[in-house]
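Since every read-out is calculated from the coordinates, none of them should be taken as a lab result. Given the structure is predicted, the values throughout are model-derived calculations rather than measurements. For neighbour counting, all protein chains shown are included, and Cβ atoms are generated from backbone atoms with ideal geometry for every residue, glycine included.
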Amino acid sequence: MTKCSLTTRRRFLKAASACAAHVALMATPFPAAARSLWSGRTQGQVAAQEPFGRLEKVGEGLWALISTPLGGDYTTVSNGGIIAGDDGVLVIEAFQTPGGARWIAEKARELTGGWPTHVLVTHYHGDHSNGAEGFFHDNEGPAIHSTATTRDLKVSGLATDAPAGLPRLWADVTVVPETSPDTLDLGGRLVTLTPRKGHTASDVTVRLPEEGLTWCGDLVWNGMFPNYMDAVPSQLSRAVRAIQADGRGTYVPGHGPLASPADMARYLQIIDGLEETARTARREGWTAEEAGERHTIPEELGEWTLFNPSYYQRAVEAWMKEWAGNLK
Ligand SMILES: [Zn+2]
């Protein structure tokens, strides 16, 4: 074990304040070294490249959007993707801004010949959902799919002065069942939507079994330590293991570059290592803050960027909260 990330963390401490939403914390562009973690790790053929992200072709009629917000452009922020079938086009995620949603819809039309017919929002966090209206023109647009829990969290979180169309857009979502996997037929292409939980009270993963491709939402992060803001850590741990067990292949994480099975194994070590620190903190009577300061990531797991320097502390807090039985 080494303190390899301490210098980097200190630098982030200066650059970031301590408020809740990680997007607000990215107002200062990250150091070039951190940015290069993502930009240098392209795997697929690049179909489009923008300051805020790149669209990588990951199969026939399949593209993954890998967002690169560390340079300071927050048009999309979260990863996502495009899945084309004979009868429809599914976009995964609605992104941070309407401009980001519109951009991917235009790319979908360019690449597939059709405007998206479906959009799946994996969970309610703003960087995955705030842009939904960008898919619409004169009230015409795709069916937005989310679980009822995600819909309700989204509706209750809308500002009271939000434009009237927004509550309507969210109230009208096509509901993804939360009890068992569901299938979306795009014509010659069946997409499995699996309800899970752990990053938030309701997360959905999107899987193409034949292609061995899974969009993981924010249950999986790659090269970046995850946000535990709403997490129930034991559920998160189980969900990640279930995603891994569902099949080996390519995983599109919620944040960071495309992940291989080896990257998934590394990510599990990251969340297990944090659990270990939280258990030590409980045993030794450390506060979450002390535990966050003491937590390290072993050098062999590589460099993991923190969106926010308090993310270790927040993760330990999530464990402590779960152990205290104080679940939201
Ligand atoms: Zn996210």
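Okay, here's what the table says:
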item: On Cα atoms only, tilt of 261-284 relative to the major axis of the chain in degrees; result: 40
item: Relative packing of peptides 288-301, 205-218, 306-319 - highest average C-beta neighbours within 10 Å first; result: 306-319, 205-218, 288-301
item: On Cα atoms only, tilt of 311-323 relative to the major axis of the chain in degrees; result: 90
item: For the chain, built as a Gaussian network whose Cα springs stay under 10 Å, the top-fluctuating residue of 93, 276, 140; result: 140
item: Tail fraction, Cα-Cα pairs, the stretch 188-325, threshold 18 Å, whole percent; result: 53
item: Pairwise label distance in nanometres, residue 161 with residue 46, each label 7 Å out on the Cα-Cβ vector; result: 4.0
item: Residue exposure sequence - 154, 321 - by fewest surrounding Cβ within 10 Å; result: 321, 154
item: Using θ = phi - 60° and Karplus 6.51 cos²θ - 1.76 cosθ + 1.60, couplings along the stretch 154-163 (whole Hz; Gly, Pro as x); result: 5, 4, 6, x, 5, 4, 5, 9, 5, x
item: Where Cα atoms sit under 27 Å apart: lysine pairs in the stretch 6-323 separated by 8 or more or lying on different chains; result: 5
item: Table column - 3J(HN,Hα) (Hz), the stretch 226-243, Karplus curve with 6.51, -1.76, 1.60, x for Gly and Pro; result: x, 8, 9, 3, 10, 6, 10, x, 5, 5, 4, 4, 5, 5, 5, 5, 5, 4
item: Gain upon complete extension [residue 245, residue 175; 0.36 nm per residue less C-alpha separation]; result: 22.6 nm
item: Rounded D (µm²/s) - the chain, Kirkwood Rh over Cα pairs, Stokes-Einstein at 10 °C, 1.306 mPa s; result: 80
item: Relative exposure of 76, 280, judged by other C-beta atoms within 10 Å (fewest first); result: 280, 76
item: GNM flexibility winner over the chain from 188, 141, 80 (Cα, springs under 10 Å); result: 188
item: Local electrostatic count at residue 75 - Lys and Arg +1, Asp and Glu -1, tallied over other residues with Cβ under 13 Å; result: -2
item: Order of 74, 267 under a 10 Å beta carbon neighbour criterion, fewest first; result: 74, 267
item: Whole-number percent relative contact order across the stretch 6-323, with pairs defined as alpha carbons under 8 Å at least 6 apart; result: 14
